[in-house]
Structures are given as structure tokens and as C-alpha cells.
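Visitor: Shown below is the structure under consideration.
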Amino acid sequence: MRTKMVAGNWKMNKTLQEGVELAAQLKNDVKNPKCAVVIGTPFIHLATVAELVKGSPIKVAAENCADKDKGAYTGEVSAAMVASTGAEYCILGHSERRAYYHEDYEILKNKVELALANGLKVIFCIGEVKEERLENKQNEVVKAQLEGSVFHLTAEQWANITLAYEPVWAIGTGLTATPEQAQEIHAFIRGLVAEKYGKQAADDTTILYGGSCNEKNAAELFACPDIDGGLIGGASLVPEKFEAIIAAR
Ligand code: 13P
């Protein structure tokens, strides 16, 4: 059976000290979660936070990695560097990276390959913008995103991919996809994975929902058969809220 998961994405929030404080509180409070728990932190937090949560059920993710292996790329952080901090996951393809930092299918394909080659598991984000949803194009958008960056992977590599469906119009807006909307597209995505990698692999693929998922709506979303957990932005910065979402899974 596939892994159920609640993952946080801190985005560009928290100083190192604030992040350590948040991670310490989560470590203290989250002792026996019924699902996998991952926190995505800025690069500078990774080593300290990974060391802090070592031996606890909490795993750590980077929010990005470079699309190059190593060398003269000032300011970039490679997948090997991420792995060397003790982080086990890397979030890639987030809509904010696609929109603000022009990460296209090819760039993301390179990032995914480098992350996997360095032993990281990838949380790969897909999702449509509001205009695409209004034109009912969400299915073709997520299909193109998968085909463009991850559907070339081998079945063996695919086992290290977690998907996160995040409708861009729901991120940070307080507008959540309804459970029906989310379930419908999650089932469609799982169907695409089945076509590509077979039914068993599709059944084993964890597909998270993200976009204004919070302690109030999480249980209803997680009750849907194809929603395996959440990728949480704002609410992951508040321990009580993040812990309530974990408890809802
Ligand atoms: P919010 O939960 O703040 O809407 O953000 C979702 C998200 O982008 C997680 O990656």
C-alpha cells in the first residue's frame, strides 16, 4: 500500500533560529504519527534541522536544487549538497519556481534526475493556473507537466517520486479545491501513472493535495480515496495547525 504523507513547505519563511525552534517543537510533539511527516525548509536550515530531527519520525526536504551537477554556478545548491545535509527529500516543480524563476519542463527534468541520482526522494508538484481551470484544461496541463519532466523515468526511479497536485489558484489564497474537484483530478493523475507505469505502480504512488489545505479542511480532503495526504504551505509554519493536519491523516 502507498505511503500516506503530510509534508510542510516553509517557502521563504523563518530565520535559522526560528526554523530550529519550529522543528524542535514538531519533534517534541510529533511522536507517533500515522503517516510519513516531512518538513521542507530553506537550504540554510537543512543541515541543522536534519540533525535536530534525526531519530524522530520527521524527515527533511529541500525546496529546490540546482539543475547542474556542480561547478561555476554562483549561488546555486546542488542535489549532492542537499543530500549531504541529511535531507532525504527534494520538492521540485513548485508553481512558484515555475512562475517566478522560469523553471520549464527541461530544467525540471534535469533537477529531478540529479536529485534521484544523489539518492533524494522527489516531491514533484504539478497543477494548473486559474485561467486553465476556467477553461477546463486542468487535465491536459498536469499531463503535459508529467510528460515534460518525469514520465521518462524508469519504473525503478519512479518508486522515489511522490506527486503533489497543487492548483495554483488555491495556493495561499484561502480558496481550496473542493474534495470533489481534488479527488477527480487525483484519480485522473493516478490513471496517467497507471498508463505509464502500470496499475501496481499507480496504486503505490503517493499523491498529495496542496493549496490552502489547513487544519479545518484536511480531514475532508484526506478522506478522498486518491488523496494520500497534503503539501502544506502557510499552515506548516504554525505547529498547532501542522500537527492537527498530521493528526487528520
Ligand atoms: P498554502 O498551503 O499556503 O496554500 O501553500 C501550498 C503550497 O504551495 C505548498 O507547496
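The values are calculated or read from the model by the stated rules, or taken from the named source; none is laboratory data. For clarity, every value in this text was computed on a predicted model and none was experimentally measured. Cβ: placed from backbone, ideal geometry, glycine included. Neighbour counts: every protein chain shown. Accessible surface areas use protein heavy atoms only, side chains included; no ligands, DNA or RNA. Shrake-Rupley method; radii C 1.70, N 1.55, O 1.52, S 1.80 Å.
Visitor: In segment 189-207, what count of residues is obtained for those that are touching a Lys or Arg at 6+ places or on another chain (Cβ under 6 Å), of a type outside the set (D, E, K, R) and either within 16 Å of the ligand (Cβ to nearest atom) or over 27 Å from residue 96 (Cα atoms) (or both)?
Guide: 1
Visitor: Here's something else I'd like to know. If residue 185 passes every condition in (1) closer than 26 Å to residue 234 by Cα; (2) in contact with an Asp or Glu (Cβ under 7 Å, 6 or more places away or on another chain) but one, which one does it miss?
Guide: The number of the failed condition is (2).
Visitor: Please work out if residue 220 is more than 14 Å from the ligand (Cβ to nearest atom), among the acidic types (Asp, Glu), farther than 14 Å from residue 124 by Cα and over 17 Å from the mean Cα position of the chain (by Cα).
Guide: yes
Visitor: Okay, moving on. Provide a single number: the residues in segment 120-150 that are farther than 21 Å from residue 231 by Cα and not in a helix (DSSP H, G or I).
Guide: Of the residues in segment 120-150, 3 are farther than 21 Å from residue 231 by Cα and not in a helix (DSSP H, G or I).
Visitor: Kindly indicate which of 233, 229, 210 is farther than 19 Å from residue 3 by Cα and within 14 Å of the ligand (Cβ to nearest atom).
Guide: Working: 229 fails: farther than 19 Å from residue 3 by Cα; 210 fails: farther than 19 Å from residue 3 by Cα.
On inspection, the qualifying residue turns out to be 233.
Visitor: Could you count how many residues in segment 214-237 are part of a loop (DSSP other than H, G, I, E, B), out of contact with any helix residue (DSSP H, G or I) (no Cβ under 6 Å at 6 or more places or on another chain) and crowded, with 17+ Cβ neighbours inside 10 Å? I'd like the intermediate steps shown before the answer.
Guide: Just the residues of segment 214-237 that are part of a loop (DSSP other than H, G, I, E, B), to begin with: 214-217, 223-228, 233.
Keeping just the survivors that are out of contact with any helix residue (DSSP H, G or I) (no Cβ under 6 Å at 6 or more places or on another chain) gives 216-217, 223, 225, 228, 233.
From what's left, crowded, with 17+ Cβ neighbours inside 10 Å: 217, 228, 233.
Total meeting the criteria: 3.
Visitor: Which residues, taken from segment 62-86, are under 20 Å from residue 17 (Cβ atoms), small (Gly, Ala, Ser) and in contact with a Ser or Thr (Cβ under 8 Å, 6 or more places away or on another chain)?
Guide: So the first thing to find is which residues in segment 62-86 are under 20 Å from residue 17 (Cβ atoms), and the list is 62-63, 85-86.
Subset that is small (Gly, Ala, Ser): 62, 86.
Of everything in segment 62-86, just one residue is under 20 Å from residue 17 (Cβ atoms), small (Gly, Ala, Ser) and in contact with a Ser or Thr (Cβ under 8 Å, 6 or more places away or on another chain), namely 62.
Visitor: Could you please find all residues in segment 116-166 being open to solvent by less than 20 Å² (accessible area, probe 1.4 Å), in contact with a Ser or Thr (Cβ under 8 Å, 6 or more places away or on another chain) and under 21 Å from residue 80 (Cβ atoms)?
Guide: Within segment 116-166, 122, 123, 124, 161, 162 qualify.
Visitor: Here is a further query. Considering segment 236-247 alone, what residues qualify as being over 14 Å from the mean Cα position of the chain (by Cα), within 14 Å of the ligand (Cβ to nearest atom) and either closer than 21 Å to residue 129 by Cβ or small (Gly, Ala, Ser) (or both)?
Guide: Passing the criteria: only 244.
Let's see how each residue does on (1) more than 16 Å from the ligand (Cβ to nearest atom); (2) on the phi > 0 side of the Ramachandran plot; (3) open to solvent by 20 Å² or more (accessible area, probe 1.4 Å):
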site	(1), (2), (3)
27	yes, no, yes
38	no, no, no
53	yes, no, no
68	yes, no, yes
83	yes, no, yes
88	yes, no, yes
102	yes, yes, yes
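Visitor: Continuing with the same structure: All but one of (1) more than 18 Å from the chain's Cα centre (by Cα); (2) on the phi > 0 side of the Ramachandran plot hold for residue 93, so report the exception by its number.
Guide: Going through the list (1) more than 18 Å from the chain's Cα centre (by Cα); (2) on the phi > 0 side of the Ramachandran plot, residue 93 breaks only (1).
Visitor: Any residue in segment 99-114 that's under 12 Å from residue 65 (Cα atoms) and modelled with pLDDT of 95 or more: show its pairings with residues that are of a type in the set (S, T, N, Q) and in a loop (DSSP other than H, G, I, E, B) at Cβ separation under 9 Å, as long as the two are six or more apart or on different chains.
Guide: 103/64; 111/64; 114/78
Visitor: Hey, another quick one. Would you please name the residue that is farthest from the ligand (Cβ to nearest atom), looking only at residues in segment 167-188 that are crowded, with 16+ Cβ neighbours inside 10 Å and among the aliphatic types (A, V, I, L, M)?
Guide: 185
Visitor: Looking only at segment 238-249, count how many residues are closer than 18 Å to residue 174 by Cα and open to solvent by less than 20 Å² (accessible area, probe 1.4 Å).
Guide: Final tally of qualifying residues: 2.
Visitor: From the list 20, 82, which residue is assigned to a helix (DSSP H, G or I) and closer than 27 Å to residue 106 by Cα? So that I can check it myself, show each step before the final result.
Guide: Working: 20 fails: closer than 27 Å to residue 106 by Cα.
One residue alone meets the criteria, 82.
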